[in-house]
Amino acid sequence: MNVTNQQLARIKWILFALALLPFLRLVAYTYLDKLGANPVEFITRNTGDWTLYFLCITLAMTPLRKLLQWHWIIRMRRMLGLYVFFYAFLHFMTFLWFDHFFEFEEMWTDVLKRPFITVGFSAFVLLIPLALTSSNGMIKRLGGKRWQLLHRLVYVIAPLAVLHYFWMKAGKHDFAQPLLFAVIVFSLLGIRVFWRWRAHLTHNAKAF
Amino acid sequence: QKLAAAVNPAYALMEKKTSYKDATTYNNFYEFGTDKADPAMTAGSLKPRPWSISIEGEIKKPMTLDLDSLLKLAPLEERIYRLRCVEGWSMVIPWVGYSLSQLIKKVEPNSNARFVEFITLEDKKQMPGLRSPVLEWPYVEGLRLDEAMHPLALLTFGMYGEVLPNQNGAPVRIVLPWKYGFKSAKSIVKIRFTKEQPRTAWNIAAPSEYGFYSNVNPEVNHPRWSQASERRIGEDGLLSRKRKTLMFNGYSDVAALYAGMDLKKFF
């Protein structure tokens with residue numbers, strides 16, 4: 001499927017608006033008092049879920065381009081990646097503000113003492129440099145190679161995010177959803193490993 | 001359906017009651033799903049009548065009591081208790097029931113009886129959550145006999161002046177306000193008196209995280225979160241700080257039950 005630049009701009013705007021809907025829903029629910037019995041828990045879980053959804057969608061862009069031969073799709077990746085950061089930031093702010101009221105000492109105790117928070121916090125911190133270097137200017141300044149190397153951090157961030165969710169749910173022995181995310185994330189990473197391995201084989205074969 | 005009961009002033013906590021809606025739509029009852037909104041949606045399949053509890057084990061008078069006999073066994077009281085969940089939130093709920101000790105006296109435990117085990121209904125037709133292996137079914141909870149005899153321990157049939165909604169453990173459950181909520185077994189079909197400490201559902205699932213006693217204790221953290229504070233449902237909203245959790249959830253009367261015990265070890 002080929003897409004003109006004009007169509008591409010339109011798709012981008014639609015996607016931008018769609019990706020903002022979960023946030024707008026949260027704002028509306030807060031105003032309408034529809035967050036349920038435990039609003040902080042609702043917002044924490046909701047923003048966490050959407051971080052994971054966008055992480056999976058972002059990681060799916062490269063495989064989709066290859067499988068569907070939709071080369072334009074890769075041009076959605078930056079915006080989707082920034083949405084991962086946006087929802088992760090909301091998730092973290094819920095924790096820092098609504099849960100800890102900016103008591104940094106108390107927050108640090110939580111981060112250091114509770115492995116699932118340690119892992120989630122690390123994933124969030126690792127996302128920051130990716131968000132900061134997402135502009136064309138930064139790509140130029142870093143140079144394509146170094147920029148790409150830096151952005152491979154997402155292969156560390158994604159498993160950390162899944163582990164964070166898994167450990168959180170483990171407290172209540174509820175593994176169905178974390179396992180689903182684990183399967184999706186590891187398939188998306190696995191397919192890359194597989195392609196690389198195959199490319200390596202053909203490359204070697206050619207050398208002979 | 002109304003369930004008449006006189007308020008027992010000795011146990012009428014003067015705190016703002018949690019709304020009926022919150023108390024009946026935000027529940028942990030894994031037999032009806034793991035999400036807290038699930039029980040209110042799926043517990044309609046539970047049939048709370050006819051119902052009976054079989055009482056057995058180390059007692060002189062084993063018996064099976066149907067719901068009507070249970071309701072007539074002692075005068076029903078309304079008691080307003082705090083409920084503290086191990087997840088760090090709390091509610092204030094007016095329960096209807098009578099002290100569990102009334103039932104225990106009737107069945108006359110023998111000298112071997114040191115613990116009481118509560119067993120929840122296990123019926124896949126009525127409880128859709130049993131299909132997932134999140135816990136070992138049936139749900140089992142337990143107390144030391146002296147804990148069970150404490151007047152605070154309430155054999156419960158109703159809340160807010162009505163019979164228990166299915167999602168809150170209909171038709172009969174216990175309520176132990178000084179312990180985390182999961183200790184209060186719901187929809188009980190069997191009570192067994194034993195010599196040995198019973199295995200309990202959450203302790204089997206994660207022994208390092210959920211102890212047999214599970215008394216509310218702000219000084220003993222859950223490995224995944226702090227227990228020092230809690231959020232009161234319906235009151236502590238987005239922009240209010242969590243409140244401090246009290247030792248034994250504020251029910252200091254029970255401290256005598258644990259005199260000389262290291263509560264960090266027996267958490």
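The values are calculated or read from the model by the stated rules, or taken from the named source; none is laboratory data. Since we're looking at a predicted model, the values are computed, not measured. Quick reminder, even Gly has a Cβ in these numbers, built from the backbone with ideal geometry, and neighbours come from all protein chains shown.
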Q) List pairs: first in segment B:239-267 and within 20 Å of residue B:197 (Cα to Cα), second β-branched (Val, Ile, Thr) and outside any helix (DSSP H, G or I), Cβ under 6 Å, 6+ apart or cross-chain? A) B:264/B:220; B:267/B:220
(Q) Condition first: at positive phi and either touching a Leu at 6+ places or on another chain (Cβ under 6 Å) or modelled with pLDDT of 95 or more (or both). Can you find one or more residues in segment B:172-193 that meet it? (A) yes
Q. What is the residue count in segment B:197-238 for residues that are within 11 Å of chain A (Cβ to nearest Cβ), in contact with a Pro (Cβ under 7 Å, 6 or more places away or on another chain) and crowded, with 17+ Cβ neighbours inside 10 Å?
A. 1
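Residues are listed down the side, and each one gets a yes or a no for (1) modelled with pLDDT under 95; (2) among the hydroxyl-bearing types (Ser, Thr, Tyr):
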site	(1), (2)
B:96	no, no
B:103	no, no
B:106	no, no
B:114	no, no
B:117	no, no
B:120	no, yes
B:131	yes, no
B:143	no, no
B:170	no, no
Q. Would segment B:241-257 turn up any residue that is surrounded by 15 or more Cβ atoms within 10 Å (Cβ to Cβ), within 14 Å of chain A (Cβ to nearest Cβ), within 26 Å of residue A:164 (Cα to Cα) and not hydroxyl-bearing (Ser, Thr, Tyr)?
A. yes
Q. Which of (1) in contact (Cβ under 8 Å) with a residue 60 or more places away in the chain; (2) within 19 Å of residue B:29 (Cα to Cα); (3) of a type outside the set (D, E, K, R); (4) within 14 Å of chain A (Cβ to nearest Cβ) is the odd one out, the single condition residue B:187 does not satisfy?
A. (4)
Q. Residue B:20: within 30 Å of residue B:219 (Cβ to Cβ) and either surrounded by fewer than 20 Cβ atoms within 10 Å (Cβ to Cβ) or touching a Gly at 6+ places or on another chain (Cβ under 7 Å) (or both), yes or no?
A. no
Q: Sort through A:25, A:114, A:10 and tell me the only one that's among the basic types (Lys, Arg) and modelled with pLDDT of 95 or more.
A: A:25
Q.
I need the full set of residues from segment A:164-197 which are surrounded by 14 or more Cβ atoms within 10 Å (Cβ to Cβ), over 17 Å from the mean Cα position of the chain (by Cα) and within 14 Å of another protein chain (Cβ to nearest Cβ), in order please.
A. A:167, A:168, A:169, A:170, A:171, A:172, A:173, A:174, A:175
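Residues A:65, A:75, A:45: which one is within 14 Å of chain B (Cβ to nearest Cβ) and among the charged types (D, E, K, R)? Can you show your working first?
On the way: A:65 fails: within 14 Å of chain B (Cβ to nearest Cβ); A:75 fails: within 14 Å of chain B (Cβ to nearest Cβ).
Being within 14 Å of chain B (Cβ to nearest Cβ) and among the charged types (D, E, K, R) holds for just one of A:65, A:75, A:45, which is A:45.
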Q) Of everything in segment B:118-154 that's outside any strand (DSSP E or B) and hydroxyl-bearing (Ser, Thr, Tyr), which residue is nearest to residue B:34 (Cα to Cα)? A) B:132
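Yes or no, residue by residue, for (1) farther than 19 Å from residue B:139 by Cα; (2) within 14 Å of chain A (Cβ to nearest Cβ):
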position: B:20; (1), (2): yes, yes
position: B:41; (1), (2): yes, yes
position: B:57; (1), (2): no, no
position: B:67; (1), (2): yes, no
position: B:86; (1), (2): no, yes
position: B:101; (1), (2): yes, no
**Q.** Selection status of residue B:30, within 11 Å of chain A (Cβ to nearest Cβ), more than 30 Å from residue B:114 (Cβ to Cβ), surrounded by 20 or more Cβ atoms within 10 Å (Cβ to Cβ) and under 18 Å from the mean Cα position of the chain (by Cα)
**A.** no
Q) Of the residues that make up segment A:155-163, is at least one in contact (Cβ under 8 Å) with a residue 12 or more places away in the chain, within 14 Å of another protein chain (Cβ to nearest Cβ) and under 17 Å from the mean Cα position of the chain (by Cα)? A) yes
